[in-house]
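The structure appears right after this line, and notes come after that.
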Amino acid sequence: MSALLSIPFFGSELILVVSFFIAMALDFAFSDKKWVAYFTLAALALAWWFGPPAGASVRLFFGSFVWDPVTHFFKGLIYGTIGLTVIASLAYEQIPGRIRGEFYMLLVALALLLTVMGASVNLLMIFLAIESVSLTSYLLVGFQKFDQRASEAALKYVLFGAVSTALMLFGMSLLFGITGSIELSIIGAHIAKLDAASQTLALIGMLFVLAGIGFKISVVPFHFWAPDVYQGAPTPITAFLTIAPKALGFAVLARVFLTAFPFFMAQWATLFSFLAILTMTIGNVLAVSQHDIKRLLAYSSIAQAGYILVGLAAPSSLGLQAILVYVIAYLFTNLGAFFAVLAIERQLRTNDIGAYNGLAKRNPFLALSLTIFLLSLAGIPPLAGFIGKIFIFASAVKEHAFALAIAIALNSAVAAYYYFKVVKAMYLTPADSAERIENPMPTRIAICITLAGTIAIGIWPTVLIRFAEQALIVFPAF
Amino acid sequence: MTTVPLQHLLIFSTLLFFIGLYGATTRRNMVGILISIEIMLNAVNVNFISFARMLDVSATVAQVFVIFTIVLAAATAAVGLAIVLVLYRNQKTIYTDEVELLKW
């Protein structure tokens, strides 16, 4: 479809571009930056409202992007994550007031870039989207520029990120040379017709591309940056980074591997099984010995990426559906956990698990909600995490991938141990001081929304499952 | 006029890429790492251009891809150097092994 005809399908993206510049102007106009945050929320709502309806699959801008129900699904996920992050960061006072306007502005830009990432179906657009999302994330991680830890985290992120982008690009150049195209679907059709030598080269290209995307979803062995970055970044940004870029990384991974490399499906499914088992085991085992709650949740989020990868290691339509259900369940659960951490860090200025002793006395609501989020992460029924996990488990069993199913079961037991360690500290260990922990309005709203989501998905999962089914209705695979 | 065969160009670009990768993984100086990353990206550019020159593939697509790579390499270098500068102000070092606040 030509550029002019594509514009109507790009309504919400255009609104976000315009609101990015308006936010920039508002940043000059107001010294109290909370107005920029309110404007950001309004812009997201407006962009969602004027977006095109979910329907058939349409290729936009000469086949660079595709507007299909999957794109629509991930757009909802992105807007939800960014909206909740903006609300929660209103209460986060460690970011200097002078630069808060830019903070919200960059989040608007990320909403746009992540949507583009989910819609890209050609190598150039995938590279551009991943790279610009990464660049914006580097800036947001290092946003507290007088904080030693934040700048160190940003540095590690930028170095690891740039190397993995270079690896991905090298793979893309090989694929272009072999197949003569950068369109995923043409590459996929071409690879089957090649001779054996070129197919080996295409396989090497595929591995390089996997390295680039694997970095985004922090799958072992490309996970080294994740704990440091998640610990050093401002807490609202950590919450955001564990959800949106990761979920979109999985969207890109599914699109690339199912459209461009269906020919190698047996090979990459085996590879993903190994990576999934490795990722969840290493994430969970290393999480056990952590004393910093952000670092603990960082390792837990690496392990969660391992669970989600099972959906692609056992490629089937049930596997894809499991990925979609899991990322939504994970969105509410993990955002909520980080928001509770944010509310506590805000007053105590520490993330040590020792500081959580006796939290149940100091703020019962925060302790209860953090407990619910941790139980959901551990996969205890009837919470959202349980629904996600059961889908992942079912998709592994249905494809007779019993090694994966056993790995999930064993890892859930390990994971439960360190989640319960935090719960135990909050409820059973006596507090060092009786001072009450305040929970300001913005975090209270954000925690209430995520709590409602976590419990509602657990009790009425059919709504979410139907959404996931509809999203996959015209997805090219299977 | 004789032309360089495609194999030689590919061997050159692969060598260039792995020299960059070696530099990025072994250097201690952060600016050195950023330069090594630029070398890796240039190997990618050489790859694209030699494919477009030697094979029957669209030269326009390859050239557009290369232009975008160059632009985003510049953007990455700008962001990377800004972060190195901030880190230098905070921790007074640009050597990666001396940056160790975030560990285990």
| remark: Interface buried area B-A, accessible surface with 1.4 Å probe, both sides summed, nearest 100 Å², comes to 3700
| message | I need the calculated FRET efficiency for the pair residue B:27 and residue A:409, taking r as the beta carbon distance and R₀ as 41 Å, to the nearest 0.05. | response | 0.40
| Coordinate range along principal axes, alpha carbons of segment A:215-274, Å, largest first | 42, 19, 12
| said: How shielded is B:14-25 by partner chains, expressed as the average number of their Cβ atoms within 10 Å of its Cβ atoms? | reply: 2
| task | Would you mind getting the accessible area per residue of the protein assembly as shown, heavy atoms of the protein chains only, 1.4 Å probe, in Å²? | result | 38
| Nitroxide proxy distance, nm - points 7 Å out along Cα→Cβ at residue A:466 and residue A:41 | 2.9
| note | Mean per-residue count of partner chain Cβ within 10 Å for B:82-92 equals 6
| request: Treat each spin label as a single point 7 Å out from the Cα along the C-beta direction, and report the residue B:58 to residue B:93 distance in nm. | output: 4.9
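So which of A:246/A:389; A:145/A:216; A:145/A:424 end up more than 28 Å apart, counting from Cα to Cα? Walk me through the numbers on the way to the answer.
Values: A:246/A:389 17 Å; A:145/A:216 23 Å; A:145/A:424 35 Å.
With Cα atoms farther than 28 Å apart: A:145/A:424.
Using a 1.4 Å probe over the heavy atoms of the protein chains, calculate the carbon and sulfur portion of the accessible area of segment A:291-355 as a whole percent.
Working: 570 of 1060 Å².
It is 54 percent, rounded to a whole number.
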| request: For segment B:46-80, state which residues have at least 40 Å² less accessible area in the presence of all protein chains than in their chain by itself, taking the probe as 1.4 Å and leaving out ligands, DNA and RNA. | output: B:47, B:48, B:51, B:57, B:61, B:65, B:68, B:72, B:76, B:79
| query | If each Cα of segment A:427-478 is one equal point scatterer, what is log10 of I(q)/I(0) from the Debye formula at q = 0.27, 0.28, 0.31, 0.32 Å⁻¹? | reply | -0.98, -1.00, -1.06, -1.09
| field | Calculated from backbone phi, Karplus (6.51, -1.76, 1.60) coupling profile of segment A:107-122 in Hz, x at Gly/Pro | value | 5, 4, 4, 5, 4, 5, 5, 5, 4, 4, 4, x, 9, 6, 10, 9
| Nearest-ten-degree value, helix A:235-259 long axis tilted from longest Cα axis of chain A | 20
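Working with all protein chains in place, sort B:98, A:345 by solvent-accessible area computed with a 1.4 Å probe, largest first.
Values: B:98 95, A:345 15 Å².
Largest accessible area first, the list is B:98, A:345.
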| Heavy atoms of residue A:32: accessible area, 1.4 Å probe, square angstrom to 10 | 70
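Taking 0.36 nm per intervening residue step and subtracting the Cα-Cα distance, what contour gain separates residue A:34 from residue A:203 on full extension? Don't skip to the answer; put the middle values down first.
Working: separation 169, 0.36 × 169 = 60.84 nm, distance 4.99 nm.
Gain on extension, residue A:34 to residue A:203, equals 55.8 nm.
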| field | Alpha-carbon Rg with Dmax, taken over segment A:263-478, Å | value | 18.1, 62
| Rounded to the nearest 0.05, what FRET efficiency is calculated for residue A:455 and residue A:361 with R0 set to 25 Å and r the Cβ-Cβ distance? | 0.55
| request: Could you run the Karplus curve 6.51 cos²θ - 1.76 cosθ + 1.60 with θ = phi - 60° over segment A:262-274 and give me ³J(HN,Hα) per residue in whole Hz, x for Gly and Pro? | output: x, 5, 9, 4, 4, 5, 6, 5, 4, 4, 5, 4, 4
| note | With Rg from the Cα atoms and Rh as the Kirkwood inverse mean 1/r over Cα pairs, chain B has an Rg/Rh of 1.12
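Working with all protein chains in place, sort A:295, A:98 by solvent-accessible area computed with a 1.4 Å probe, largest first.
Values: A:295 10, A:98 180 Å².
Ranked list, largest accessible area first: A:98, A:295.
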| note | For residue A:172, the accessible surface traced by a 1.4 Å probe with all protein chains present amounts, in square angstrom to the nearest 10, to 0
| note | Each label sits 7 Å from Cα toward the beta-carbon; between residue A:58 and residue B:78 the label points are separated, in nm, by 3.3
| task | With the Cα gyration tensor of segment A:1-152 in hand, convert its eigenvalues to equivalent ellipsoid semi-axes via √(5λ) and list them largest first in whole Å. | result | 29, 17, 13
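When the accessible area of segment B:6-93 is computed with all protein chains present and a 1.4 Å probe, what percentage of it is carbon and sulfur? Can you show the working numbers first?
Details: 3130 of 4480 Å².
Whole-percent figure for carbon plus sulfur exposure: 70.
Give, rounded to the nearest 20 debye, the magnitude of the charge dipole that the protein assembly as shown has about its Cα centre when Lys and Arg contribute +1 at Cβ and Asp and Glu contribute -1 at Cβ. Don't skip to the answer; put the middle values down first.
Working: 32 positive and 25 negative charges, 148 e Å.
The calculation lands at about 720 debye.
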| message | I'm a student and want to see the number: the projected area of the Cα convex hull of segment A:134-224, averaged over all directions, in nm². | response | 6.5
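About its Cα centre, what dipole magnitude does segment A:263-478 give when the only charges are +1 on Lys and Arg Cβ and -1 on Asp and Glu Cβ, stated in debye to the nearest 20? List each step's numbers first, then the result.
On the way: 13 positive and 8 negative charges, 55 e Å.
So the magnitude is around 260 debye.
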| said: Using a 1.4 angstrom probe on the protein heavy atoms only, could you order A:421, B:92 from most to least accessible area? | reply: B:92, A:421
| What does the convex hull of the alpha-carbon atoms of the protein assembly as shown project to on average, in nm²? | 26.0
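The values are calculated or read from the model by the stated rules, or taken from the named source; none is laboratory data. Since this is a predicted model, take the numbers as computed values, not measurements. Counting neighbours? That spans all protein chains shown, and the Cβs are built from the backbone with ideal geometry, glycine included. SASA here: full protein model, heavy atoms, side chains in, ligands and nucleic acids out. Shrake-Rupley method; radii C 1.70, N 1.55, O 1.52, S 1.80 Å.
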